[in-house]
Amino acid sequence: MSKIKHRIAGACHCGNLSFELTTRTALDDIVARSCECSFCQKHGATYWADPEGSTTIRIADERYLQQYRFGLRATDFYICRVCGTCLAAVLSDEDGTWSVVNLRLTELDVQHVQPVSFEGEDRSRQVARRKRSWTPTTC
């Protein structure tokens with residue numbers, strides 16, 4: 001891990017939803033995840049998070065934010081109602097907020113993508129894993 005902070009910025013197609021992730025991970029060392037669930041596959045998302053970093057999500061017009069929950073219903077997927085882009089998955093509870101961001105919405109040339117499947121995971125294990133491995137987030 002680098003001592004230099006890197007900023008990764010991304011936005012939906014129309015710019016209504018955006019994020020900035022700060023990380024000390026060297027950009028060439030990022031291993032993104034391609035979730036094999038049907039939702040992520042249909043959106044073509046490639047996600048990444050850094051539990052040692054931080055993410056800020058910005059919404060220009062709240063009217064055009066669609067929050068979608070499915071499966072175990074623990075996480076909101078942030079989708080723009082204008083352009084249909086999936087920006088991030090966000091988990092919030094009394095302990096805080098964490099997210100994974102869609103790196104396809106950045107200028108970053110992701111060299112490494114790992115397919116992942118969490119099929120069979122129950123809600124408590126899912127939430128615990130996400131709190132441990134996702135990026136602390138401010139919305």
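Nothing in this text is a laboratory measurement; each read-out follows from the coordinates by a stated rule. Note that this is a predicted model, so its numbers are computed, not measured. Cβ atoms come from the backbone with ideal geometry, glycine included; neighbour counts cover every protein chain shown.
The stretch 66-139 and the stretch 1-32 have Cα centres separated by 15 Å.
Would you tally the net charge around residue 83, using a Cβ to Cβ cut-off of less than 15 Å, leaving residue 83 out, and scoring K and R as +1, D and E as -1? Spell out each step's value before the answer.
Numbers: positive: 63, 81, 104; negative: 61.
Neighbourhood net charge equals +2.
How much length, in nm to one decimal, is gained on full extension between residue 34 and residue 9, taken as 0.36 nm per residue of separation minus their Cα-Cα distance?
On the way: separation 25, 0.36 × 25 = 9.00 nm, distance 1.90 nm.
Extra length from residue 34 to residue 9 when fully extended: 7.1 nm.
Have a look at 83, 35, 12 and tell me which one the Gaussian network model of the chain (Cα, springs below 10 Å) gives the largest fluctuation. Highest fluctuation of the listed residues: 83. Placing unit charges on each Cβ (+1 for Lys and Arg, -1 for Asp and Glu) gives the chain a dipole about its Cα centre, and among 87, 40, 127 the Cα reaching farthest toward its positive end belongs to 127.
Just add up the charged neighbours of residue 131: K/R +1, D/E -1, any other residue whose Cβ is under 14 Å from the Cβ of residue 131. Residues near residue 131 contribute -1 overall. Remark: the stretch 100-108, residue by residue, has Karplus-estimated 3J(HN,Hα) of 10, 10, 8, 5, 5, 9, 10, 8, 5 Hz, where x stands for each Gly or Pro and the curve is 6.51 cos²θ - 1.76 cosθ + 1.60 at θ = phi - 60°. A DSSP coil position with no more than 16 other Cβ atoms inside 10 Å describes the following trypsin sites (Lys or Arg not before Pro) in the stretch 1-101: 3, 5, 24, 69, 73, 81. Working from Cα pairs under 8 Å separated by at least six residues, relative contact order for the chain is 30 percent.
For the chain, the Cβ-based charge dipole about the Cα centre amounts to some 120 debye (Lys, Arg positive; Asp, Glu negative; other atoms uncharged).
Counted residue by residue at 0.36 nm each, then reduced by the alpha carbon distance between them, the extension gain from residue 133 to residue 63 reaches 22.2 nm. One equal scatterer on each Cα of the chain, no solvent, Debye formula: the resulting log10 I(q)/I(0) at q = 0.09, 0.18 Å⁻¹ is -0.24, -1.04.
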